[in-house]
């Protein structure tokens, strides 16, 4: 489990702003499930999805996502993993391959598995709710933002300790939120996942 608790370049939970927020969210709570729920709600509801709200800058590191209060699903998952790890709760990253409008092309969608003592690994999706999207925290049932409905869409159940390189590349190279939207990761990642 050590790798799912580590602080790293993109899941930089030892950064003071992330560590302070993590401790603030967990204040007065001892249950890992309650802490995970509070962190999930914070990221889902208080950190705006960059494309939904047409916000810059493009963020990638957890500390930047928190600082600017915006990020794509991938960046939001980096922040959620960081907040959980800072509270000594193992968390990773996982992905789905989805369409944007129920027809190809495909792109990856980032979410988080968290290790809860009572349930084991549980996936949650803090991308942010909007009309037609209602992700919830209700273990052991998963209530993700997007169901798999179109041929070619896939759930990848691998749990990664660090973001996929192609996701990082998309966020770092993206000039603004629209540039990222126009170049969402997909195929290179499929090779990395197989």
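Data table
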item: Neighbours by Cβ (under 9 Å, 6+ apart or cross-chain): first from segment 26-40, at positive phi and touching a residue at least 24 places away in the same chain (Cβ under 8 Å); second part of a helix (DSSP H, G or I) and crowded, with 17+ Cβ neighbours inside 10 Å; result: none
item: Qualifying residue in segment 79-100 (condition: without any contact (Cβ under 8 Å) to a residue 60 or more places away in the chain, closer than 15 Å to residue 155 by Cβ and in contact with a helix residue (DSSP H, G or I) (Cβ under 8 Å, 6 or more places away or on another chain)); result: no
item: Test result for residue 67, in a helix (DSSP H, G or I) and in contact (Cβ under 8 Å) with a residue 60 or more places away in the chain; result: no
item: Residues located in segment 164-194, provided they are within 13 Å of residue 96 (Cα to Cα), part of a helix (DSSP H, G or I) and modelled with pLDDT under 95; result: 187, 189, 190, 193
item: Count of residues meeting criterion [part of a strand (DSSP E or B) and touching a residue at least 24 places away in the same chain (Cβ under 8 Å)] in segment 123-143; result: 4
item: Given (1) surrounded by fewer than 18 Cβ atoms within 10 Å (Cβ to Cβ); (2) farther than 22 Å from residue 118 by Cα; (3) in contact with a strand residue (DSSP E or B) (Cβ under 9 Å, 6 or more places away or on another chain), number of the condition residue 59 does not satisfy; result: (1)
item: Condition met for residue 119 (in contact (Cβ under 8 Å) with a residue 12 or more places away in the chain, under 25 Å from residue 5 (Cβ atoms) and touching a strand residue (DSSP E or B) at 6+ places or on another chain (Cβ under 6 Å)); result: no
item: Test: residue in segment 143-150 that is closer than 18 Å to residue 43 by Cβ and either out of contact with any strand residue (DSSP E or B) (no Cβ under 6 Å at 6 or more places or on another chain) or loosely packed, with under 13 Cβ neighbours inside 10 Å (or both); result: yes
item: Residues satisfying the stated conditions in segment 148-163, i.e. outside any strand (DSSP E or B) and either at pLDDT 95 or above or within 26 Å of residue 62 (Cα to Cα) (or both); result: 161, 162, 163
item: From 4, 72, residue being in contact (Cβ under 8 Å) with a residue 24 or more places away in the chain and within 19 Å of residue 179 (Cα to Cα); result: 72
item: Subset of segment 14-60 (residues that are under 14 Å from the mean Cα position of the chain (by Cα) and assigned to a loop (DSSP other than H, G, I, E, B)); result: 47, 59, 60
item: Residue in segment 167-178 that is more than 14 Å from the chain's Cα centre (by Cα) and more than 22 Å from residue 69 (Cα to Cα) present; result: no
item: Residue that is buried (at least 21 other Cβ atoms within 10 Å of the Cβ) and in a helix (DSSP H, G or I), where the choices are 111, 80, 98; result: 80
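The values are calculated or read from the model by the stated rules, or taken from the named source; none is laboratory data. Treat the numbers as computed from the prediction; the structure is a model and nothing was measured. Neighbour counts run over all protein chains shown; Cβ positions are idealised from the backbone, glycine included.
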